[in-house]
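What follows is one structure encoded as C-alpha coordinates, with my remarks underneath.
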Amino acid sequence: MKKNLLFTAIIAVSFFTVTAQTPDSLQREHVQDSLNDSKAHATEYYSPEPPIITPGASYGMPPSDAIILFDGKNLDEWADDRDTTQPAKWIVADGNFTVNKKTGDIRTKRRFTDYQLHIEYRIPADITGSGQARGNSGIFLAALPWGAGGYELQVLDNYNNKTYVNGQVGSFYKQAVPLANACRKPGEWQAYDVIWTAPRFNDHGILKSLASGTVFHNGVLVQNNTYLLGDTPYIGQPQYKKHGAAPIKLQSHGDKSEPISYRNIWVREL
Ligand code: MG
(Lines give C-alpha, C1' and ligand atoms only; values in the text may rest on other atoms or scores of the structure.)
Protein backbone atom coordinates (compact mmCIF):
# COMPACT_ATOMS: atom_id res chain seq x y z
CA MET A 1 0.00 0.00 0.00
CA LYS A 2 2.81 2.38 0.93
CA LYS A 3 4.43 1.66 -2.37
CA ASN A 4 1.25 2.58 -4.20
CA LEU A 5 0.97 5.86 -2.31
CA LEU A 6 4.56 6.72 -3.10
CA PHE A 7 4.05 5.94 -6.79
CA THR A 8 0.93 8.12 -6.95
CA ALA A 9 2.79 10.95 -5.28
CA ILE A 10 5.66 10.73 -7.79
CA ILE A 11 3.24 10.80 -10.72
CA ALA A 12 1.40 13.81 -9.27
CA VAL A 13 4.61 15.76 -8.73
CA SER A 14 5.86 14.93 -12.23
CA PHE A 15 2.58 16.05 -13.78
CA PHE A 16 2.72 19.30 -11.88
CA THR A 17 6.30 19.88 -12.96
CA VAL A 18 5.49 19.29 -16.63
CA THR A 19 2.30 21.33 -16.82
CA ALA A 20 2.91 24.15 -14.40
CA GLN A 21 4.05 27.37 -16.15
CA THR A 22 5.35 30.31 -14.28
CA PRO A 23 5.01 33.86 -15.67
CA ASP A 24 8.71 33.66 -16.57
CA SER A 25 8.33 30.50 -18.63
CA LEU A 26 5.30 31.97 -20.43
CA GLN A 27 7.32 35.07 -21.25
CA ARG A 28 10.20 32.93 -22.62
CA GLU A 29 7.76 30.97 -24.77
CA HIS A 30 6.27 34.17 -26.14
CA VAL A 31 9.69 35.55 -27.01
CA GLN A 32 10.62 32.27 -28.71
CA ASP A 33 7.38 32.35 -30.77
CA SER A 34 8.12 35.90 -31.85
CA LEU A 35 11.66 34.93 -32.84
CA ASN A 36 10.35 32.00 -34.89
CA ASP A 37 7.79 34.27 -36.57
CA SER A 38 10.42 36.75 -37.64
CA LYS A 39 12.75 33.98 -38.84
CA ALA A 40 9.90 32.52 -40.92
CA HIS A 41 8.95 35.94 -42.30
CA ALA A 42 12.55 36.42 -43.47
CA THR A 43 11.94 33.77 -46.16
CA GLU A 44 8.42 34.87 -47.18
CA TYR A 45 7.87 37.30 -50.08
CA TYR A 46 4.77 39.31 -50.82
CA SER A 47 5.74 41.04 -54.06
CA PRO A 48 5.71 41.13 -56.99
CA GLU A 49 2.40 39.33 -56.96
CA PRO A 50 1.58 36.85 -59.77
CA PRO A 51 -0.91 38.44 -62.18
CA ILE A 52 -4.53 37.54 -61.61
CA ILE A 53 -6.01 35.99 -64.75
CA THR A 54 -9.27 34.26 -65.51
CA PRO A 55 -8.79 30.66 -66.63
CA GLY A 56 -10.67 29.34 -69.63
CA ALA A 57 -14.15 28.05 -68.90
CA SER A 58 -13.09 24.51 -69.70
CA TYR A 59 -9.95 22.58 -70.65
CA GLY A 60 -8.25 24.08 -73.66
CA MET A 61 -10.15 27.33 -73.65
CA PRO A 62 -7.88 30.40 -73.60
CA PRO A 63 -7.33 32.24 -70.31
CA SER A 64 -7.81 36.00 -70.17
CA ASP A 65 -4.18 36.87 -70.93
CA ALA A 66 -3.75 34.62 -74.00
CA ILE A 67 -2.93 35.88 -77.48
CA ILE A 68 -5.47 34.22 -79.74
CA LEU A 69 -3.82 32.90 -82.91
CA PHE A 70 -6.96 31.26 -84.27
CA ASP A 71 -10.46 31.45 -82.83
CA GLY A 72 -12.34 29.74 -85.65
CA LYS A 73 -12.94 32.80 -87.81
CA ASN A 74 -9.94 33.79 -89.93
CA LEU A 75 -6.18 33.51 -90.45
CA ASP A 76 -5.44 37.18 -89.79
CA GLU A 77 -2.65 36.22 -87.34
CA TRP A 78 -0.91 34.10 -90.01
CA ALA A 79 1.07 34.69 -93.20
CA ASP A 80 2.29 32.63 -96.10
CA ASP A 81 5.71 31.30 -95.13
CA ARG A 82 7.16 31.55 -98.64
CA ASP A 83 6.13 35.19 -99.02
CA THR A 84 5.32 36.71 -95.67
CA THR A 85 3.73 39.77 -97.30
CA GLN A 86 0.96 37.43 -98.45
CA PRO A 87 -1.90 36.11 -96.31
CA ALA A 88 -1.99 32.47 -95.29
CA LYS A 89 -3.91 30.52 -97.93
CA TRP A 90 -5.07 27.54 -95.91
CA ILE A 91 -8.78 26.85 -95.91
CA VAL A 92 -11.00 28.14 -93.07
CA ALA A 93 -14.34 26.41 -92.59
CA ASP A 94 -16.55 25.25 -89.72
CA GLY A 95 -14.42 26.90 -87.03
CA ASN A 96 -11.18 25.25 -88.10
CA PHE A 97 -8.69 25.46 -90.95
CA THR A 98 -7.17 22.82 -93.16
CA VAL A 99 -3.66 22.55 -94.57
CA ASN A 100 -3.39 23.63 -98.19
CA LYS A 101 -0.62 21.42 -99.54
CA LYS A 102 -0.36 23.47 -102.73
CA THR A 103 0.60 26.69 -100.96
CA GLY A 104 3.11 25.49 -98.37
CA ASP A 105 3.70 26.33 -94.72
CA ILE A 106 2.11 29.19 -92.81
CA ARG A 107 3.61 31.18 -89.94
CA THR A 108 2.47 33.61 -87.32
CA LYS A 109 2.92 37.29 -88.03
CA ARG A 110 3.99 37.74 -84.43
CA ARG A 111 7.31 36.56 -83.06
CA PHE A 112 7.74 34.81 -79.77
CA THR A 113 10.54 33.78 -77.43
CA ASP A 114 9.37 31.78 -74.40
CA TYR A 115 5.72 30.82 -74.28
CA GLN A 116 2.91 28.43 -73.45
CA LEU A 117 1.03 27.20 -76.53
CA HIS A 118 -2.28 25.40 -76.93
CA ILE A 119 -3.15 24.00 -80.34
CA GLU A 120 -5.63 21.39 -81.54
CA TYR A 121 -5.51 19.27 -84.67
CA ARG A 122 -7.58 16.59 -86.36
CA ILE A 123 -6.40 13.83 -88.64
CA PRO A 124 -9.14 13.22 -91.23
CA ALA A 125 -11.27 10.15 -90.51
CA ASP A 126 -10.55 8.86 -94.02
CA ILE A 127 -6.77 9.25 -93.74
CA THR A 128 -4.66 6.97 -95.92
CA GLY A 129 -0.95 6.24 -96.17
CA SER A 130 1.55 4.80 -93.72
CA GLY A 131 4.69 5.67 -91.80
CA GLN A 132 5.60 9.33 -92.23
CA ALA A 133 3.14 9.64 -95.12
CA ARG A 134 -0.03 9.59 -92.99
CA GLY A 135 -1.31 12.91 -91.66
CA ASN A 136 2.14 14.45 -91.45
CA SER A 137 2.33 18.08 -90.40
CA GLY A 138 4.27 19.76 -87.63
CA ILE A 139 4.58 22.73 -85.36
CA PHE A 140 7.84 24.64 -85.66
CA LEU A 141 8.12 26.19 -82.22
CA ALA A 142 10.56 28.75 -83.55
CA ALA A 143 10.55 29.05 -87.33
CA LEU A 144 13.97 29.89 -88.77
CA PRO A 145 14.82 30.86 -92.35
CA TRP A 146 17.69 28.39 -92.72
CA GLY A 147 18.57 24.73 -92.27
CA ALA A 148 15.72 22.58 -91.01
CA GLY A 149 13.47 25.62 -90.75
CA GLY A 150 13.44 25.56 -86.96
CA TYR A 151 12.50 23.18 -84.16
CA GLU A 152 9.68 20.83 -85.13
CA LEU A 153 7.23 19.21 -82.75
CA GLN A 154 5.95 16.41 -84.97
CA VAL A 155 2.29 16.02 -85.92
CA LEU A 156 1.51 12.63 -87.46
CA ASP A 157 -1.16 9.94 -87.27
CA ASN A 158 0.39 7.19 -85.14
CA TYR A 159 -2.88 5.52 -84.23
CA ASN A 160 -1.99 1.99 -85.37
CA ASN A 161 0.70 3.43 -87.60
CA LYS A 162 4.37 2.78 -86.86
CA THR A 163 7.35 4.84 -87.92
CA TYR A 164 10.78 5.59 -86.47
CA VAL A 165 10.02 6.44 -82.84
CA ASN A 166 11.99 9.69 -82.84
CA GLY A 167 9.77 10.85 -85.68
CA GLN A 168 6.35 9.85 -84.36
CA VAL A 169 3.77 12.25 -83.00
CA GLY A 170 4.97 13.89 -79.79
CA SER A 171 8.62 13.75 -80.83
CA PHE A 172 10.94 16.66 -81.28
CA TYR A 173 11.68 15.47 -84.76
CA LYS A 174 14.64 13.07 -84.87
CA GLN A 175 15.82 14.26 -81.45
CA ALA A 176 13.53 13.17 -78.66
CA VAL A 177 11.22 10.16 -78.52
CA PRO A 178 7.89 10.92 -76.78
CA LEU A 179 7.32 9.33 -73.36
CA ALA A 180 4.02 7.85 -74.57
CA ASN A 181 1.83 7.45 -77.64
CA ALA A 182 -1.36 9.26 -76.62
CA CYS A 183 -2.96 9.34 -80.09
CA ARG A 184 -6.67 9.55 -80.55
CA LYS A 185 -8.36 7.97 -83.54
CA PRO A 186 -8.42 9.75 -86.87
CA GLY A 187 -11.48 11.97 -87.01
CA GLU A 188 -11.19 13.04 -83.35
CA TRP A 189 -9.79 16.39 -82.24
CA GLN A 190 -6.48 16.19 -80.37
CA ALA A 191 -4.56 18.76 -78.36
CA TYR A 192 -1.00 19.79 -77.72
CA ASP A 193 -0.01 21.97 -74.77
CA VAL A 194 3.57 23.12 -75.00
CA ILE A 195 5.91 25.09 -72.78
CA TRP A 196 8.72 26.39 -74.93
CA THR A 197 11.97 27.98 -73.76
CA ALA A 198 13.97 29.46 -76.61
CA PRO A 199 17.74 29.03 -76.81
CA ARG A 200 19.91 32.00 -75.86
CA PHE A 201 23.05 33.22 -77.58
CA ASN A 202 25.69 35.78 -76.63
CA ASP A 203 26.68 38.74 -78.83
CA HIS A 204 29.20 36.58 -80.70
CA GLY A 205 26.54 34.03 -81.62
CA ILE A 206 27.82 31.48 -79.09
CA LEU A 207 25.11 29.33 -77.56
CA LYS A 208 24.52 30.28 -73.92
CA SER A 209 21.60 27.96 -73.15
CA LEU A 210 19.77 25.22 -75.02
CA ALA A 211 16.17 25.35 -76.18
CA SER A 212 13.86 23.18 -74.12
CA GLY A 213 10.28 22.04 -74.35
CA THR A 214 7.66 20.36 -72.20
CA VAL A 215 4.76 18.87 -74.14
CA PHE A 216 1.40 17.39 -73.20
CA HIS A 217 -0.38 15.42 -75.93
CA ASN A 218 -4.07 15.04 -75.18
CA GLY A 219 -3.23 15.86 -71.56
CA VAL A 220 -0.47 13.23 -71.33
CA LEU A 221 3.12 14.29 -70.67
CA VAL A 222 5.19 13.28 -73.70
CA GLN A 223 8.21 15.60 -73.37
CA ASN A 224 9.41 16.45 -69.87
CA ASN A 225 11.60 19.55 -70.04
CA THR A 226 13.50 18.08 -72.97
CA TYR A 227 16.62 19.90 -74.11
CA LEU A 228 17.20 20.23 -77.85
CA LEU A 229 20.60 19.90 -79.45
CA GLY A 230 19.70 22.28 -82.24
CA ASP A 231 17.17 22.43 -85.08
CA THR A 232 15.40 19.30 -86.36
CA PRO A 233 16.66 18.32 -89.83
CA TYR A 234 15.39 15.41 -91.93
CA ILE A 235 18.99 14.66 -92.92
CA GLY A 236 22.02 15.31 -90.77
CA GLN A 237 22.68 16.49 -87.25
CA PRO A 238 20.97 19.25 -85.29
CA GLN A 239 22.67 22.62 -85.27
CA TYR A 240 22.26 25.91 -83.50
CA LYS A 241 22.61 29.27 -85.16
CA LYS A 242 21.97 32.55 -83.40
CA HIS A 243 18.42 33.86 -83.53
CA GLY A 244 16.03 35.87 -81.44
CA ALA A 245 12.24 35.95 -81.24
CA ALA A 246 10.71 33.89 -84.05
CA PRO A 247 7.34 33.03 -85.56
CA ILE A 248 5.52 29.75 -84.95
CA LYS A 249 5.13 27.80 -88.19
CA LEU A 250 2.73 25.05 -89.25
CA GLN A 251 4.01 22.51 -91.73
CA SER A 252 2.46 21.65 -95.05
CA HIS A 253 4.10 18.26 -95.55
CA GLY A 254 4.66 16.98 -99.06
CA ASP A 255 3.21 13.50 -98.57
CA LYS A 256 0.11 12.49 -100.49
CA SER A 257 -2.18 11.76 -97.54
CA GLU A 258 -5.31 13.82 -96.90
CA PRO A 259 -4.57 17.24 -95.28
CA ILE A 260 -5.17 17.67 -91.58
CA SER A 261 -6.99 20.51 -89.80
CA TYR A 262 -6.22 22.83 -86.88
CA ARG A 263 -8.32 24.88 -84.46
CA ASN A 264 -8.29 26.74 -81.12
CA ILE A 265 -4.73 28.07 -81.12
CA TRP A 266 -3.55 30.43 -78.42
CA VAL A 267 -0.32 31.39 -76.78
CA ARG A 268 0.78 33.00 -73.50
CA GLU A 269 4.11 34.74 -73.54
CA LEU A 270 6.33 33.88 -70.58
MG1 MG B 1 6.20 16.82 -89.84
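The values are calculated or read from the model by the stated rules, or taken from the named source; none is laboratory data. Computed from a predicted model, the values in this text were never measured in an experiment. FYI the Cβ positions are ideal-geometry reconstructions off the backbone, even for glycines, and counts take in every protein chain you see.
Entry remark, region 58-73: residues being of a type in the set (S, T, N, Q) and under 20 Å from residue 218 (Cβ atoms) number 1 in total. All of 91, 119, 106, 127 fail the test of being under 18 Å from residue 251 (Cβ atoms), of a type in the set (A, V, I, L, M) and in contact with a Gly (Cβ under 8 Å, 6 or more places away or on another chain), apart from 127. With respect to the stated conditions, residue 113 fails to be touching an Asp or Glu at 6+ places or on another chain (Cβ under 7 Å) and away from the ligand (no atom under 16 Å from the Cβ).
Condition check ((1) over 30 Å from residue 96 (Cβ atoms); (2) not aliphatic (A, V, I, L, M)) across all residues:
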residue: 31; (1), (2): yes, no
residue: 35; (1), (2): yes, no
residue: 42; (1), (2): yes, no
residue: 45; (1), (2): yes, yes
residue: 59; (1), (2): no, yes
residue: 63; (1), (2): no, yes
residue: 69; (1), (2): no, no
residue: 81; (1), (2): no, yes
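Within region 205-226, is there a residue that is touching a residue at least 12 places away in the same chain (Cβ under 8 Å), within 14 Å of the ligand (Cβ to nearest atom), under 23 Å from residue 99 (Cα atoms) and crowded, with 19+ Cβ neighbours inside 10 Å? Taking every residue of region 205-226 in turn, none turns out to be touching a residue at least 12 places away in the same chain (Cβ under 8 Å), within 14 Å of the ligand (Cβ to nearest atom), under 23 Å from residue 99 (Cα atoms) and crowded, with 19+ Cβ neighbours inside 10 Å. Going by the conditions given, is residue 143 touching a Gly at 6+ places or on another chain (Cβ under 7 Å) and within 20 Å of residue 235 (Cβ to Cβ)? Yes. Residues in region 134-164 that are of a type in the set (Asp, Glu) and either modelled with pLDDT under 95 or near the ligand (Cβ under 9 Å from one of its atoms) (or both): 152 alone.
Of the residues making up region 108-140, those that are among the small types (Gly, Ala, Ser) and either more than 23 Å from residue 86 (Cα to Cα) or surrounded by fewer than 16 Cβ atoms within 10 Å (Cβ to Cβ) (or both) are 125, 129, 130, 131, 133, 135. Listed by position, the strands (runs of 3 or more DSSP E) inside region 156-270 whose residues that are within 15 Å of the chain's Cα centre (by Cα) number at least 2 are 189-197, 212-217, 220-227, 261-269. Is it the case that residue 174 is modelled with pLDDT of 95 or more, within 15 Å of the ligand (Cβ to nearest atom) and more than 18 Å from residue 115 (Cα to Cα)? The answer is yes for residue 174. Could you say whether any residue in region 132-153 is in the same structural domain as residue 71 (by TED's automatic domain parsing), farther than 29 Å from residue 242 by Cα and free of Cβ contacts under 8 Å to residues at least 60 places away in the same chain? The answer is no; no qualifying residue exists.
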